[in-house]
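The values are calculated or read from the model by the stated rules, or taken from the named source; none is laboratory data. Predicted model, so just to flag it, every value in this text is computed and none were measured. Glycine gets a Cβ as well: all are built from the backbone with ideal geometry, and neighbour counts include every protein chain shown.
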Amino acid sequence: MTGRHSVSGKISALFYGEFVAVVFLTVTLAGSPASARYASVVVNADTGKILQSLNADTRNYPASLTKIMTLYMVFEGLREGKLTMTQALPVSRRATGMAPSKLGLKVNETITTRDAILALITKSANDAAVVIAEALGGTEIKFAQDMTKRARELGMIRTTFKNASGLPNRRQLSTARDMAVLALRLLKDFPEEYRYFATKKFKYRGHTYSNHNGLLDRYDGADGIKTGYIRASGFNLVASAQRDGTRVIGVMFGGQSAGSRDAQMVRLLDRGFAKVSPRKNAVASAARAPESPRPKETPSKAVKPRQLGKWGVQIGAFRSLRSARTMASAAATRLSSIAPGAEISISPLRSQGIELHRARLISMSEAIAREACRRLNRMKVACVPVSPTTGAILAFDR
């Protein structure tokens, strides 16, 4: 796991006649191999604001943090009717051959979706991860491709998945920031299902498995979410805690041991809570987690340039409204430290008979807008500053 790597992805542009601007966004990530270097980020889950970060965009091996994305896909599958909680999922020979940690499932056995979910959350069972991957994707390779595609749609632009478990693969890479984005989206999109991450013990066929996340027992307000470890990554952890109606999420890569990782996460969460003020009327239930990490979305028809008299940044124009909102939300999260008051504006466009959705962040000064685009461009995210009269359109096939 010491060779060089190059990971490339492309969002192809649409050519619609006389667009003012048509921009290609190509993400090319190459360089020295990932390693167990330390990285962390702390986020206010209520606002999406970054409270503290170090090496947040360094790509490292996620290890079993991968299973958070696997579970996100399971929850989507349940919502879309592709799975049911009581469905008996078949165990393949490939699943039984996975390296530990695992349940020890046998070929031709079955396991219910619910038990597989709990096995991933508590035991971090690699055999259960493959069972789920094959149930949803047919093969684990196809499922990993689906995971990567969905991750990019969520705004995890520096993440690539190659399997469902997090077992070593030199091309399976993520960042602390991307894992924070995933945790935020999990809370927003699946607040009911998120409660499974608070499970401390799981009983299966006469055995009891304890959750690897030690913070559930030692940190006040902790209710999830997942640990991870392979030798190449060090000890990783995504943790979430809620106190007095305020939720903070911490992500850490590269701990030297499970104990030192947990101790460092306690320090990170403590610093996070020290920087936020509890909101009196917030609901302190994990089942009703913060509605969205995104800034307030402002309907374009209600916000005219002459009314704002301010600058903004344009992320793109997309065929899918969902893609427009997702990309704007991801950009807003990344810019929360310099533009905490930015608002998302999604407006309809029509060109050559094609319906598009323009995504912008507005309510910025000119200086902040220009700095925002510099930061996003360094992350390989397309962005142009826009004045109250700018008509730039960025088009992407999403």
Review point. Cβ-Cβ below 7 Å, separation at least six or inter-chain, first residue in segment 213-231 and in the same structural domain as LYS123 (by TED's automatic domain parsing), second among the charged types (D, E, K, R): which pairs?
Key: ASN213/LYS226; GLY214/ASP262; LEU215/ASP262; LEU216/LYS200; ASP220/ARG243; GLY221/ARG243; LYS226/LYS67
Review point. Does any residue of segment 43-62 turn out to be assigned to a helix (DSSP H, G or I) and farther than 30 Å from PRO340 by Cβ?
Key: no
Point to revise | Every residue from segment 236-276 that is of a type in the set (A, V, I, L, M) and surrounded by fewer than 21 Cβ atoms within 10 Å (Cβ to Cβ) | key: ALA258, ALA263, VAL266, ALA274, VAL276
Check your understanding: In segment 232-256, which residues are within 11 Å of PHE197 (Cβ to Cβ) and either free of Cβ contacts under 8 Å to residues at least 60 places away in the same chain or among the hydroxyl-bearing types (Ser, Thr, Tyr) (or both)?
Key -> ALA239, SER240
Check your understanding: Given the conditions (1) outside the structural domain of PHE253 (by TED's automatic domain parsing); (2) modelled with pLDDT of 95 or more, which single one is not true for LEU25?
Key -> (2)
Review point. Within segment 183-235, which residues are among the β-branched types (Val, Ile, Thr) and surrounded by fewer than 23 Cβ atoms within 10 Å (Cβ to Cβ)?
Key: THR199, THR208, ILE230
Exercise for review: Check off (1) at pLDDT 75 or above; (2) in a loop (DSSP other than H, G, I, E, B) for SER292 and give me the number that stays unchecked.
Suggested key: (1)
Check your understanding: Among the numbered criteria (1) polar (S, T, N, Q); (2) farther than 18 Å from SER92 by Cβ; (3) surrounded by fewer than 24 Cβ atoms within 10 Å (Cβ to Cβ); (4) out of contact with any helix residue (DSSP H, G or I) (no Cβ under 7 Å at 6 or more places or on another chain), which single criterion is violated by THR139?
Key -> (2)
